[in-house]
Amino acid sequence: MKKFNIAIIGLGGQGIITMGTVMKNAALNSDLQDVSGSERRGGAQREGYVETFVKYIFYENAAEMNSPRKNMHSPMIESGGANALISLEPLETLRGIKYLNKNSIVIFNKTPYIPISVRMGKTKYPEISFIVSELQKVTKHIYYYDIDAISLEKFNSLTQKNIIALGILFAKADIPIERSAVESVLAEGKGAENNLKAFALGLNL
Amino acid sequence: MSKSNLFINGSEGDKAIVLGNEAIARGALEAGIGYASMYPGTPASEIIAVLDKNKKHVENLYTEFSLNEHISLHGAIGASWSGIRSLCAMKNVGLNVASEPAQFLAYTGVKAGLVLAIGSDPGAPSSSNEQDDRWYSLHNYMPIMEPSNIQEAKDFTKDAFDVSEEFSFGIVLMAPSRLCHNAGALRFGNIRDRKNIKGDFKKDPENYLNLFSLAVKNHAKYLERNELLKKYLIESKFNKTINDGSSKIGFISSGVIYAHLMEAFDILGVYDHKILKLGFSFPISNELIKRFFEGIEKVVIVEEAEGFLEFQIKKIAYETGFKGSIYGKEFFSRTGELTLDDVISGVSRFLEKPLPASFDFAVEKDKELSNKLPQRSGTFCIGCPHRATFYSILKAVGFSNTEEKERDVVIAGDIGCYTLGLLPPYNAMDFLTCMNAGLSIGQAISNFDKSKKVIALVGDSTFYHSGIPVLLNAVQNGANILYIILDNSWTAMTGHQKTPSTQKDIDGKPSANVLNLKDLIKSLGVSYVKSLDPNSVKRFSAQIKSALKEPGVKVLIAKRECVLQEIRRNKSMLKNEAKVAETGESLYEIQKSRCVKCNECFVELACPAIILKKDEDTGGDYYYIDPASCVKCGVCYEICPNSAIRKVEFDLKSEFKLKKGLSEVTV
Ligand code: SF4
Ligand code: SF4
């Protein structure tokens, strides 16, 4: 049995849940494969922490798939258990640090969304350099971009930033599912044209 | 789910990504339900929402967003007695409201299968407590099924209807938020033929007229049925024992925690202990447990919350004369969500098995950082009328965040999106417990502490849920209180279900039976009632001030639709974002030269569309309205004491080209 865990985190309204759904739908082709992962959404509110897990499970054979010791999986990712982490908000990346191990790939968006506590002057927002150096203490595989700016520049809107991030994921990490499977999920969904463009854009960053 | 047509048309062989909640709904559909209802509540809302959304394509399906859980469960009972399989869903605390029908259900029994799906919320990310509803079953005798994953969520729900009919109990299907909001692959089954779903109420006075000696008789009858069910559960497919190792340690678990446990074993590389998976966590058969105890010296019960399984199993151990030891809550916390991490650590401690190095390292790193990071809490959406309401209230009572004053009015909170008003920067609630506690507790406080004015808040959906008797009580007993109803026309927090206040659906269709809230309140005997737009903050604030001076019960209705729904309805506005950018549109802008950073808009109102930017020329910061997020509610424009905010013609595209958008927001 092989597993591949992706943690996707960010804020309400950034399209985090959609990213998880796209990645999961891209994994429906094989019989010897399972996919799950829970979402934590903050009601209808904005700007709260949101996370979604994508857990791919590949069984060696049918016997393993039918074994009760092997075929039941938690909807969560354990500490140090993520093969990849995508974060659409820099500070939140540090909240996701618990999922990382020394081989994890980290992709994060460096556009900050300032929390209320910082707005009120009660705390300070960490510098990007601090965020990166903390991450580096765990893994060397860190990639960050101003994905908000890229999305605005190319699409005149922030809507595409989550799909751009998925493109980056495929470019930087060795994802055990076909890139074309993601593309066909995007092609069937809403806003297909822009999403496919955004995915390709991410692939080439 | 991406292919929503599969939800209704899928059959054996089909596979799709669905939410746990959707899997429950699909299971009910496969079982041939004709009735589905709920009062919306996170994490359970999607169970009925997905059925409601699809009902026009499903023959003979009635769905209802009931006004409260008590009504909803009664509806399901009525449907069952009419021979219709029925599904009722609610969040954990909903069962407090529906506890009365739940209490009677064992006495009267069901006709067609009835399933009550409960979304529990350990860790309380969306609730005001961590209540474990399983304890109710010790006295209402509702059997409880606990699916462990998405597939079981569907399969168990489907089977639950058969068990319900066979033993004449309503079955509780327990799903914590981790399962409700788990999204993963589901293999579909076939849907029962729906043509013959037709009601036929057959009188059954012995069971349905539940009083006097009949009630006593019914009491005995359900205890008997409970014993029959226990017997059935000894060898049913729902409870599974894994016994392929030589260890003398046995683990017992259920639901999502069982899934955590199996993964924990895999992560720790432990494969030889005996395991009992309880698909039914109530009732538990003595014989089942006795058989499991055979050859075992130590039993570990792995579960969330206060130990419902442990309570029952220790009793059974005593009754069956088990000589070994039983552990549980010594290793697994009673409070908060029991996460995969917690199960891994607990099992590792019990078995004295070392944790993987990467796990330890990550846990330490997280501990080290978590205190250093700024907290983040959710807030109102941009343009949300609740933000204006809280701003107005705080201004009316002279409270300010920038000046750190004590506020001398008591503000009673209640349940809904507006509950977020208790968070910074507003800090505008003094207590918050359950639905409609605000006015009732507030009434007593105003009675006993005459030195303080009391303002009680409530949303429209919460008011209709159970607030009418509370308001009537306040009037009848001569209370002195200001009651502000934040009427945004929707049950917004749970995904925008309609309320009696909803005027227009998001497709623009007017609702039938729209209620005139003001008239309703007048009819309850309130003479001081006014309805205002909270976004006119100055007017609203002045109104609150003068209402506070009046004696008796005063009601102000803060009437403005949820901004998300308004935007959805005016979709054209969004769809044409690109066009807007090209053609330009009037927007709100802060004039750098006039803004003195008084913080009225940035901290007091705290609209998230107002952000801090770095000034390229001076190196300082300035406040800026992000045109891509501002929804032009105009509230900041109204409140700026320095007239620094103006309406301008603004060309989005050139602005972005010029400045590369938000890239240089300072931190
Ligand atoms: S209220 Fe006006 S002066 Fe005060 S910070 Fe906002 S824009 Fe500047
Ligand atoms: S007009 Fe002002 S308060 Fe309203 S959404 Fe825009 S920035 Fe926020």
Is there a residue in segment B:522-530 that is assigned to a helix (DSSP H, G or I) and surrounded by fewer than 20 Cβ atoms within 10 Å (Cβ to Cβ)?
yes
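When you scan segment B:582-629 for strands (runs of 3 or more DSSP E) that lie fully inside it, which ones turn up with 2 or more residues that are touching a residue at least 40 places away in the same chain (Cβ under 8 Å)?
B:585-590, B:610-614
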Identify the residue in segment B:565-595 that is within 16 Å of ligand 1 (Cβ to nearest atom), over 30 Å from B:Val397 (Cβ atoms) and in contact with a Lys or Arg (Cβ under 7 Å, 6 or more places away or on another chain) and, among all such residues, is modelled with the lowest pLDDT.
B:Leu587
Go through segment A:91-107 and count every residue that is assigned to a helix (DSSP H, G or I) and within 8 Å of chain B (Cβ to nearest Cβ).
7
Give B:Glu30, B:Glu59, B:Glu46, B:Glu12 a once-over and let me know the one that is in contact (Cβ under 8 Å) with a residue 60 or more places away in the chain, in contact with an Asp or Glu (Cβ under 7 Å, 6 or more places away or on another chain) and charged (D, E, K, R).
B:Glu46
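Please specify each residue of segment B:12-44 satisfying the condition of being among the polar types (S, T, N, Q) and at pLDDT 95 or above.
Selection gives B:Asn21, B:Ser37.
Suppose we keep only residues that are in a helix (DSSP H, G or I) and of a type in the set (Phe, Trp, Tyr) within segment B:100-154. Which one would you say is farthest from B:Leu173 (Cα to Cα)?
Just the residues of segment B:100-154 that are in a helix (DSSP H, G or I), to begin with: B:100-108, B:133-140, B:150-154.
Now drop any that are not of a type in the set (Phe, Trp, Tyr), which leaves B:104, B:107, B:135-136.
Numbers: B:Phe104: 18, B:Tyr107: 19, B:Trp135: 14, B:Tyr136: 13 Å.
If we take residues in segment B:100-154 being in a helix (DSSP H, G or I) and of a type in the set (Phe, Trp, Tyr), then B:Tyr107 is farthest from B:Leu173 (Cα to Cα).
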I need the full set of residues from segment B:343-368 which are under 19 Å from A:Ile9 (Cα atoms) and either basic (Lys, Arg) or not assigned by TED's automatic domain parsing to the domain that holds B:Glu304 (or both), in order please.
B:Lys365, B:Lys367
Options B:Asn207, B:Asn196; residue that is farther than 30 Å from A:Ser38 by Cβ, assigned to a helix (DSSP H, G or I) and not acidic (Asp, Glu):
B:Asn207
On the basis of being at the interface with another protein chain (Cβ under 7 Å from one of its Cβ atoms) and surrounded by fewer than 21 Cβ atoms within 10 Å (Cβ to Cβ), does B:Pro374 make the cut?
yes
Which of the residues that make up segment B:329-364 are on the phi > 0 side of the Ramachandran plot and within 32 Å of the chain's Cα centre (by Cα)?
B:Gly336
Of the residues in segment B:612-640, how many are over 39 Å from the mean Cα position of the chain (by Cα) and within 15 Å of ligand 1 (Cβ to nearest atom)?
3
For segment B:496-515, check the following and say yes or no: at least one residue is in contact with a Phe, Trp or Tyr (Cβ under 9 Å, 6 or more places away or on another chain), of a type in the set (Val, Ile, Thr) and under 27 Å from B:Asn570 (Cβ atoms).
yes
Residue ID - nearest to the other protein chains (Cβ to nearest Cβ), chosen from residues in segment B:377-392 that are within 12 Å of ligand 2 (Cβ to nearest atom) and in a helix (DSSP H, G or I)
B:Arg387
Collect the residues in segment A:13-62 that are out of contact with any helix residue (DSSP H, G or I) (no Cβ under 7 Å at 6 or more places or on another chain), in a strand (DSSP E or B) and over 18 Å from B:Leu340 (Cα atoms), keeping them in residue-number order.
A:Gln33, A:Asp34, A:Arg46, A:Phe58
If B:Asn513 satisfies every condition in (1) on the phi < 0 side of the Ramachandran plot; (2) at pLDDT below 95; (3) away from ligand 2 (no atom under 16 Å from the Cβ) but one, which is the exception?
(1)
Tell me the helices (runs of 4 or more DSSP H) entirely within segment B:240-334 that contain at least 3 residues that are loosely packed, with under 15 Cβ neighbours inside 10 Å.
B:308-320
Go through segment B:596-637 and give me each residue that's under 15 Å from B:Lys395 (Cα atoms) and within 9 Å of ligand 2 (Cβ to nearest atom).
B:Cys601, B:Leu605, B:Val635, B:Cys636
Test result for A:Met72, surrounded by fewer than 24 Cβ atoms within 10 Å (Cβ to Cβ), facing chain B (nearest Cβ under 7 Å) and farther than 25 Å from B:Gly378 by Cα
yes
If you scan segment A:116-145, which residues turn out to be aromatic (Phe, Trp, Tyr) and over 17 Å from the mean Cα position of the chain (by Cα)?
A:Tyr125, A:Phe130
For segment B:217-259: of the residues being within 11 Å of another protein chain (Cβ to nearest Cβ) and hydrophobic (A, V, I, L, M, F, W, C), which is farthest from B:Lys274 (Cα to Cα)?
B:Val256
Being surrounded by 19 or more Cβ atoms within 10 Å (Cβ to Cβ) and more than 19 Å from B:Phe282 (Cα to Cα) is the requirement here; does B:Lys55 meet it?
no
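The values are calculated or read from the model by the stated rules, or taken from the named source; none is laboratory data. As the structure is a prediction and not an experimental result, all values here were calculated from the model. Because the Cβ atoms are built from the backbone with ideal geometry, glycine has one as well, and the counts that use them run over all protein chains shown.
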